[in-house]
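In what follows, a structure is listed as structure tokens, so that the remarks can point back to it.
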Amino acid sequence: MFNKEGIPFFTVIIPFLCIIFISFLAVSYNLKISQSYFQLELKEYKELYIKTNVDTKTLDLLIEKKIAEHEKQDKIFSDFMLVVSLVVLFFMTFFSFLMISIVKEVIRKYKKEVQYREDELKALNDNLFMKVQYGIQEAKQKDKKILEQAKLARIGSMISMIAHQWRQPLSQLSGILMELETATRFKKVDENHIYNAIEKSDKMIEFMSNTIDDFRNFYKPDKIKEEFLVSLACSKAINIIDATLKNFGIELNVDVINDKKVYGYPTEFAQVILNLLSNAKDVLVEKEIKNPRIDIRIDSKGVLSTITIKDNAGGIHEKNQELIFDPYYSTKDSSKGTGLGLYISKLIIERNMGGELSVHNDEEGAVFKIVIAG
């Protein structure tokens, strides 16, 4: 029924077979009608001659002659129809094979074009796969480089904040030692004096040791997500930077309206808060703002917790707001910033914790807003 190209053969010749069938049906019907008319005519012919009193023998001869003429005409018509049918059949056979050849050629060209498209698409897919793999590797290298640079920047920031945290206890230790030295010079030192100095020194050293532990734990990466209070995570960040803010005379106000637990990585979240506070501190110091101030506001509505951190440094320039979260983009001097802090903060909030980190200006300065689901 199908040839090797998959062309349904009868779909090509069936219309012609239908024509032949209808033609033969029409011819047969025409012959039948003609025969019926001839018999009717012959009957009328007999009746007519009977009325004219023609003898039976003559009538039979006339009828035989009439029948012979009719058969002759039928023979001529049948031969003509046979010739016509053969011609039509030959023409249809030729036309069918011609149509099959045309369709076969069309299908061959179509298959060739489809094959070409498939090969082209396959080559494109292979090329795209290689490009995607290259892009993934490049992105991994870029992320690795960003994280390494961020770690270095974080170490520098950590050392600076440790220095501020240690400044006061170091000053107190220096005072204790000077007091002991003075007492020793004037020979007024006694056992109680020494024990008191040792006790005070131990407290200062313990405080400094705890500071190191706080910093070490603060930058230790979280392994699993957990529920934590927003205010508690913010307090961890404030404890790290509080001494630095006091050193620069920056007032820090914390307003907890409605605290609640959220689900995520508490240490990473605290690192984001610390980064936003550190940025606000840097801007306030750089612009030498009088009465510098940072406000933290914690609130929640429904399942969402909102944390806003604002300063009174005058805000971020409009053209910088769209780029501020891009990697390596920084408004600070290259020696003071890498442009990675806000980029990583946005990754932590949005990619790791499914929240949102945005920024806008109000009448006093920049307002960073964190929205995260509980």
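Rule-based calculations on the coordinates, nothing more; no lab input. Keep in mind that what you see is a predicted model, and the values were worked out from it rather than measured. A quick note on method: Cβ atoms are made from the backbone with ideal geometry, for glycine too, and the neighbour counts reach across all protein chains shown.
Overview of results
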quantity	calculated
Distance in nm between pseudo-label sites at Ser209 and Ile76 (7 Å out along the Cβ direction from Cα)	13.6 nm
Computed E for Ser201/Phe248 - FRET, C-beta separation, R0 22 angstrom, nearest 0.05	0.20
Nitroxide proxy distance, nm - points 7 Å out along Cα→Cβ at Thr93 and Asp362	9.7 nm
Sum of side-chain charges, Ser201 neighbourhood, beta-carbon under 14 Å (Lys, Arg +1; Asp, Glu -1)	-3
Rough spin-label spacing in nm, given labels placed 7 Å along Cα→Cβ, for Ala163 and Asn320	2.3 nm
Charge context of Ser300, other residues only, Cβ under 9 angstrom, K/R +1, D/E -1	0
FRET efficiency estimate (nearest 0.05) - Cβ-Cβ, Asn125 to Val103, R0 25 angstrom	0.20
